[in-house]
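Have a look at the structure below before the remarks.
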Amino acid sequence: MVTKVRAKAIKVGDNIDTDVIIPGRYLIYTDPETLGRHCFEPIMPDFYERSKKLGGVIVVGGRNFGMGSSREQAVVALRGAGVKAVVAESFARIFYRNCINQGLPAVKVPGISKVVEEGDEVEVDLEEGAVRVYSPSGELKKEFKVAKLPPSLLEILESGGLVPYLKKKMVQ
């Protein structure tokens, strides 16, 4: 179940566009693992290795995360790199919905980028509507109350994305 995830945080800045998440030259690939190897390559060439070494991460962004073209491959690349969730000050609208449709939790958390530091862990609790930041020693630094997702979006996330959700509904 994807309604609660916790992982080390990797921070990125404001205005992270889909070309930074997955450069256009890699759009010839469809395999998540292949796309994931090139995730954030322009700004953090070792992102894939760092994420895999940590067993997956939560990406913490600033304002306007996912702006630019509406390529779904950006979300596929994040998942292929082991990203468990994305929390950001704000999201580009289409990118946000692409996250939900691909089964990747995305949560708008005003102020998060000013609190999270390298080495911190972030916990996203979608059912409770909370995002918690923990120091490397495990101490709670801050809890953010966030808008709860509607049950329909939670069900899509729990199904692993829109396509698995629809397949499940068609069988019922």
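The values are calculated or read from the model by the stated rules, or taken from the named source; none is laboratory data. These numbers come from a predicted model, not from an experiment. Quick reminder, even Gly has a Cβ in these numbers, built from the backbone with ideal geometry, and neighbours come from all protein chains shown.
List of remarks:
- Sub-9 Å Cβ pairs linking a first residue in segment 1-28 that is closer than 27 Å to Gly129 by Cα and modelled with pLDDT under 95 to a second residue that is among the polar types (S, T, N, Q) and part of a loop (DSSP other than H, G, I, E, B), at least 6 apart or interchain, number zero.
- Within segment 77-132, being of a type in the set (S, T, N, Q) and farther than 23 Å from Pro164 by Cα holds for Ser90, Ser113.
- Of the residues making up segment 1-31, those that are in contact with a helix residue (DSSP H, G or I) (Cβ under 6 Å, 6 or more places away or on another chain), under 23 Å from Arg93 (Cβ atoms) and of a type outside the set (S, T, N, Q) number 4.
- Residues in segment 1-31 that are part of a helix (DSSP H, G or I) and either of a type in the set (Asp, Glu) or surrounded by fewer than 18 Cβ atoms within 10 Å (Cβ to Cβ) (or both): Asp19, Gly24, Arg25, Tyr26.
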